[in-house]
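Novice: Okay, handing you the structure first.
The values are calculated or read from the model by the stated rules, or taken from the named source; none is laboratory data. What you are looking at is a predicted structure, and each value in this text was computed from that prediction instead of being measured. Counting neighbours? That spans all protein chains shown, and the Cβs are built from the backbone with ideal geometry, glycine included.
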Amino acid sequence: MTLEELFEQPTALPTAPKIVQELVASFDKASVSTEEIARKISLDPVLSAKLLRLANSAYYNLSRSIGTVEDAVLMLGFVAVRTLVISSGLVNGFKSVTGLELKDFWRYSMRTAVAAKWIARKTRDNAELAFTIGMMHAIGQLVIHAAMPDEAAALDAVAAPLGEQRLAGERKTLGFTYADVGAELARRWQFPAVFSDAIAAFPAPLERGAVDRLAAIVHLAAWRARALEESHLAEQFPAEVGKVLGLDAEAIEEMPPLDELAAGLDEMLK
């Protein structure tokens, strides 16, 4: 099955919520009406409820209670709200996927996202973009499992869906990887090119000519998240990728525990 044929499967292409598509499009806009965005979020009761729970969570530790979407946008800022709503919308887009435990998948994705945000702040790159791309960098794995469950199950038997060996196994067996699928999904959802470019490049960000810094950041973040499940990876810091970003293993060791960075954001996964 080719990548094109994969997306022709009726179960392959989930629908991104309309508000998510509009918020993603705003990455390319110089100015955005926060009032209009707040109004549109308010029309989606699930996203509104999640946003309010997040705004009042320990993650933000605000001095007063947030009762409306408008208050959340004002208190948290449009950029933070956009990031949270896009991430929540991605989680909502996949209710169940054969062969994958979604709770574990999204926990890994969240850990990668918060690690990417922390690294981007260190390197003075776009932290919110890094978070969002980190959150969706492995989303192609969901598409593969949904559209070709038998092939995915065969791969699962020899390489964990998000394990160190998975990308190589997919490339050999399928001819493409979950990074390729995720990049294509971002294009079909009409995300700005920065998303598809970074997702496609994150497995090997130094092998595509000019280095995509966001891809390099997500590469480091994914390594950090996987190291929690595959302890041997903790000693295999991707030094060359770190060097491009001006980071060494000691700098990464300053990163707080990922579950601490993500505390409160679990509301997104519900």
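Novice: Go through (1) out of contact with any Ser or Thr (no Cβ under 9 Å at 6 or more places or on another chain); (2) surrounded by 15 or more Cβ atoms within 10 Å (Cβ to Cβ); (3) of a type outside the set (Asp, Glu) and name the single condition Leu265 misses.
Specialist: (1)
Novice: Looking at Phe176, Phe191, Phe195, which one is in contact (Cβ under 8 Å) with a residue 40 or more places away in the chain and surrounded by fewer than 23 Cβ atoms within 10 Å (Cβ to Cβ)?
Specialist: It is Phe176.
Novice: Can you tell me which residue among Ala153, Ala198, Ala225 is modelled with pLDDT of 95 or more and among the small types (Gly, Ala, Ser)?
Specialist: Ala198
Novice: Only one of Val158, Val218, Val181 is part of a helix (DSSP H, G or I) and either within 24 Å of Ser96 (Cα to Cα) or in contact with a Cys (Cβ under 9 Å, 6 or more places away or on another chain) (or both); which?
Specialist: Checking each option against the conditions leaves just Val181.
Novice: Let me ask something else about it. Among the residues of region 40-58, is any assigned to a loop (DSSP other than H, G, I, E, B), farther than 27 Å from Pro256 by Cβ and touching a His at 6+ places or on another chain (Cβ under 8 Å)?
Specialist: No, there is no match, as no residue in region 40-58 is assigned to a loop (DSSP other than H, G, I, E, B), farther than 27 Å from Pro256 by Cβ and touching a His at 6+ places or on another chain (Cβ under 8 Å).
Novice: Taking Ala251 and the conditions (1) without any contact (Cβ under 8 Å) to a residue 24 or more places away in the chain; (2) assigned to a helix (DSSP H, G or I); (3) surrounded by fewer than 16 Cβ atoms within 10 Å (Cβ to Cβ), which numbered condition does it fall short on, given that it satisfies the others?
Specialist: All conditions pass for Ala251, except number (1).
Novice: Report yes if Val194 is under 20 Å from the mean Cα position of the chain (by Cα) and either part of a helix (DSSP H, G or I) or not assigned by TED's automatic domain parsing to the domain that holds Lys117 (or both), otherwise no.
Specialist: Yes; evaluated as a whole, the condition is true for this residue.
Novice: Are any residues in region 103-148 over 14 Å from the mean Cα position of the chain (by Cα) and free of Cβ contacts under 8 Å to residues at least 12 places away in the same chain, and if so, which ones?
Specialist: The answer is Arg121, Arg124.
Novice: Something else about it: Is at least one residue of region 249-267 modelled with pLDDT under 90, under 19 Å from Ala138 (Cα atoms) and among the hydrophobic types (A, V, I, L, M, F, W, C)?
Specialist: Yes, region 249-267 contains at least one residue that is modelled with pLDDT under 90, under 19 Å from Ala138 (Cα atoms) and among the hydrophobic types (A, V, I, L, M, F, W, C).
Novice: Could I ask something else about it? Quick one: how many residues across region 59-71 are closer than 24 Å to Arg111 by Cβ and in a helix (DSSP H, G or I)?
Specialist: 0
Novice: Another question, if that's okay. Would you check if Lys103 is over 19 Å from Ala127 (Cβ atoms), modelled with pLDDT of 80 or more, among the basic types (Lys, Arg) and buried (at least 18 other Cβ atoms within 10 Å of the Cβ)?
Specialist: No, not satisfied.
Novice: So, one more: Here is a check on your reading of the model: is Ser231 modelled with pLDDT under 90 and of a type in the set (Ser, Thr, Tyr)?
Specialist: yes
Novice: Also, quick follow-up: Only one of (1) in a helix (DSSP H, G or I); (2) touching a His at 6+ places or on another chain (Cβ under 8 Å) is not met by Gly99, so which one is it?
Specialist: Unmet for Gly99, out of (1) in a helix (DSSP H, G or I); (2) touching a His at 6+ places or on another chain (Cβ under 8 Å): (1).
Novice: Is it the case that region 225-243 has a residue that's closer than 22 Å to Gly99 by Cβ and assigned to a helix (DSSP H, G or I)?
Specialist: yes
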